[in-house]
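Below is one structure, written out as structure tokens; comments come after it.
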Amino acid sequence: MEKALEILRKTFGYDEFRHNQAGVIQALLEGNDALALMPTGGGKSLCYQIPAICRPGTGIVISPLIALMQDQVDALKQLGIACAFINSTLDRASQREIETDLVNNKLDLLYIAPERLLNEYTLRLLERCQIALFAIDEAHCVSQWGHDFRPEYQRLSLLHQRFKNVPRIALTATADDVTRNEIKSQLDLYQANTFISSFDRKNICYRIVEGKNGRDQLWQFLEKEHPHDSGIIYCLSRKKVEKTAEWLMARGRTALPYHAGLSDSLRQHHQNRFLRDDEIIIVATIAFGMGIDKPDVRFVAHLSLPKSIEAYYQETGRAGRDGLPANTWMNYGLQDVISLRQMVQSSEAAETFKRISIQKLEAMLGLCESVLCRRQTLLAYFSEILSEPCGNCDNCLTPPELWDASQAAQKALSCVYRSGQRFGVNYLINILRGKQDERIQANGHDTLSTFGIGADDSVQYWRTLYRQLIALGYLEVDPEGYGALRLTEKCRPLLRGETGLKLRRQRIADKLSNRRKKRQLTEILDEDQALFSDLRSLRKGFADAQGVPPYVIFHDATLVSIAQHRPEDLASLLNIPGIGQHKLAHYGKRVIEVVREHIMSS
Ligand code: ADP
Ligand code: ZN
């Protein structure tokens, strides 16, 4: 372990291990197998990189994300680590060269795609080499039920058979029990030491806002909190992606669309710009994300409601991998709730699948309408108890008001009942507000007892109430009835007056007054801003010269720390997190110069 700690300090430039890193590393150094569950940004890679360097031979890293390998290898080379990747993008000559290096034990790490690993040629090659360990990254890809399923992953258990004495480690950021057990059984990891970290992403602030004018609210959020940051905006449909990107461009932001309808080359181009340039916003369908390792994504926004908490957690999890403060923001409205409910209810899928989808959506809607700490609710969903409210979500920062909605809900529900459970929200609201319209008259609904009993309140008031009643399961959407609403069992006690109903009050505007003060504490101070941006330009120069993304050179966290501590010599620069000996030797002098120039001129 001493050697491991020395590598952490000298090569990676970090002071101490995080989460379960030390435990995992020790297990591997002792020759045992390990299963590591850690949230995104938790530091999974060090868990296999350090033992691969310590142990004799090469560490083989199996990853499904071919697009990422280049970046991963570039980042390791920046640290002075001997490594390479083998995948379909390589030409013959380069591949031969790597194979020779491998056989001659010149590599500490080799990244490889599962299909390539499993081919007999590669397996034979590996049998001729000394192997330090096998790391199976994104191990949840073995799960048939997950959306990242890769059939080849299920064949990886043969590593255990053919390389009996080589320790294996499986890693994933997917939290649930079912997946965990599937990994163990599919990969034959029953004997493995299991390490489970907390899934709490403390640096992420969660915010969910309701209301119709999603775009305007989004714009306010971007202008106020992220005028110059990189981020991701998720939308449900391709069309909405295109529209939103155009709209942001028209307002002067660099926003690039990403969805399955664009050509491969255009998608690749947009992704590269997102990785390499500053201040780029990607507007995407859920097709975007898997394998995006960009550490400095400062915000993730949703203009559409995700279908489950798993999806929400995974998508929002792409923010702030570097541990610096990051925001997630979501807008949702009545229409989202209706269409998603309708979608799962009318799906052709098997009954069990449908039932599970409905439960998942319900949990998601519950999170949206919750008045409790968002983080507590989120983590509870993954069976993790957070004992205190977090203080870093909208419900903690500006607690929502509750109001007694019992009477209003009775009006809204009985209006559904009396009109025969055959109509959608707009029609129902017209009845409640006593609107004389032809359809209502033709149906004789202007004589109902609920006609006009809601005239004192606005359309928006009733829309919000209906949304909440649908979200909370008092009403269901008829799958065939064009959004017609029906009562559920849950309504009875409420209609009979046996129970009451308290709901969160719609916020007029999305205000988070305490928020800015809080960000200032952890983020860069105004007086360090100028130096920080000079350092950013310096980094961009280094990155462009080598054709790699800027974060491969230094993470933002490293630049922030330099701007704060202003090291004027190499020895003090080495104390900055993220600067090890290799980076010190390559970039140290120029960094110090920029710091000194800055000190002299200010
Ligand atoms: P994951 O793969 O779990 O999403 P990474 O391995 O990419 O996470 O690590 C996330 C970030 O945390 C990286 O910037 C990494 O350099 C940093 N990191 C990892 N371990 C440590 C540590 N012990 N101390 C400080 N930073 C660390
Ligand atoms: Zn909270």
Kindly indicate the residue of the stretch 523-543 that is touching a helix residue (DSSP H, G or I) at 6+ places or on another chain (Cβ under 8 Å) and of a type in the set (D, E, K, R) and also farthest from Asn272 (Cα to Cα) among those meeting that condition.
Asp528
Among (1) more than 23 Å from Gly41 (Cβ to Cβ); (2) touching a residue at least 12 places away in the same chain (Cβ under 8 Å); (3) surrounded by fewer than 22 Cβ atoms within 10 Å (Cβ to Cβ), there is one condition Glu310 misses while meeting the rest; what is its number?
(1)
Quick one: Arg155 ticks every box in (1) surrounded by fewer than 17 Cβ atoms within 10 Å (Cβ to Cβ); (2) closer than 24 Å to Pro51 by Cα except a single one, so which number is it?
(2)
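Conditions tested, residue by residue: (1) in a loop (DSSP other than H, G, I, E, B); (2) at pLDDT 95 or above.
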position: Lys106; (1), (2): yes, yes
position: Leu110; (1), (2): no, yes
position: Leu123; (1), (2): no, yes
position: Leu133; (1), (2): no, yes
position: Cys141; (1), (2): no, no
position: Gln144; (1), (2): yes, no
position: Asp148; (1), (2): yes, no
position: Ser157; (1), (2): no, no
position: His160; (1), (2): no, no
Before we move on, is Asp404 surrounded by fewer than 20 Cβ atoms within 10 Å (Cβ to Cβ), more than 16 Å from ligand 2 (Cβ to nearest atom) and in contact (Cβ under 8 Å) with a residue 12 or more places away in the chain?
yes
Taking the criterion of being closer than 19 Å to Glu210 by Cα and polar (S, T, N, Q), would at least one residue in the stretch 306-316 satisfy it?
yes
Which residues, counting only those in the stretch 62-82, are within 14 Å of ligand 1 (Cβ to nearest atom), assigned to a loop (DSSP other than H, G, I, E, B) and modelled with pLDDT of 95 or more?
Leu79, Ile81
Can you tell me which of (1) without any contact (Cβ under 8 Å) to a residue 60 or more places away in the chain; (2) near ligand 1 (Cβ under 10 Å from one of its atoms) is the one Ile7 doesn't meet?
(2)
Selection within the stretch 167-192 - modelled with pLDDT of 95 or more and either assigned by TED's automatic domain parsing to the domain that holds Ser370 or not in a loop (DSSP other than H, G, I, E, B) (or both):
Arg168, Ile169, Ala170, Leu171
Every residue from the stretch 389-403 that is more than 9 Å from Arg375 (Cβ to Cβ) and among the hydrophobic types (A, V, I, L, M, F, W, C)
Leu397, Leu402, Trp403
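Per-residue answers, yes or no, for (1) over 18 Å from the mean Cα position of the chain (by Cα); (2) modelled with pLDDT of 90 or more:
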{"position": "Ser339", "(1), (2)": "yes, no"}
{"position": "Gln359", "(1), (2)": "yes, no"}
{"position": "Gln376", "(1), (2)": "no, yes"}
{"position": "Gly391", "(1), (2)": "yes, yes"}
{"position": "Thr398", "(1), (2)": "yes, yes"}
List the strands (runs of 3 or more DSSP E) inside the stretch 217-330, counting only whole elements, that have at least 2 residues being under 24 Å from Trp145 (Cα atoms) and hydrophobic (A, V, I, L, M, F, W, C).
none
Hey, does the stretch 343-352 have a residue that's away from ligand 2 (no atom under 16 Å from the Cβ) and either assigned by TED's automatic domain parsing to the domain that holds Glu480 or within 30 Å of Ala442 (Cβ to Cβ) (or both)?
yes
Filtering the stretch 555-602 down to residues that are at positive phi and more than 16 Å from ligand 1 (Cβ to nearest atom) yields Arg566
Kindly list the number of the only condition in (1) within 30 Å of Glu480 (Cβ to Cβ); (2) touching a residue at least 12 places away in the same chain (Cβ under 8 Å) that fails for Ala350.
(2)
Just one of the numbered conditions (1) within 14 Å of ligand 2 (Cβ to nearest atom); (2) among the aliphatic types (A, V, I, L, M); (3) in contact (Cβ under 8 Å) with a residue 60 or more places away in the chain is not true of Leu372; which one?
(3)
Tally of residues being out of contact with any strand residue (DSSP E or B) (no Cβ under 6 Å at 6 or more places or on another chain) and buried (at least 18 other Cβ atoms within 10 Å of the Cβ) across the stretch 269-288
5
For the list (1) at pLDDT 95 or above; (2) out of contact with any helix residue (DSSP H, G or I) (no Cβ under 8 Å at 6 or more places or on another chain); (3) within 16 Å of ligand 1 (Cβ to nearest atom), I need the number of the one condition that Ser197 fails.
(1)
Does Arg505 fit the bill of being surrounded by 16 or more Cβ atoms within 10 Å (Cβ to Cβ), within 19 Å of Gln335 (Cα to Cα) and either touching a residue at least 60 places away in the same chain (Cβ under 8 Å) or in the same structural domain as Phe423 (by TED's automatic domain parsing) (or both)?
no
Take the residues in the stretch 174-213 that are closer than 29 Å to Arg467 by Cα and away from ligand 2 (no atom under 16 Å from the Cβ); name whichever of them is nearest to the chain's Cα centre (by Cα).
Glu210
Between Gly59, Gly41, which is more than 16 Å from ligand 2 (Cβ to nearest atom), in a loop (DSSP other than H, G, I, E, B) and either crowded, with 18+ Cβ neighbours inside 10 Å or of a type in the set (S, T, N, Q) (or both)?
Gly41
Got a number for residues in the stretch 378-392 being near ligand 2 (Cβ under 10 Å from one of its atoms) and more than 11 Å from Tyr313 (Cβ to Cβ)?
6
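The values are calculated or read from the model by the stated rules, or taken from the named source; none is laboratory data. None of these values were measured; they are calculated from a predicted model. Using ideal geometry, Cβ is built from the backbone for each residue, glycine included, and neighbour counts are taken over all protein chains shown.
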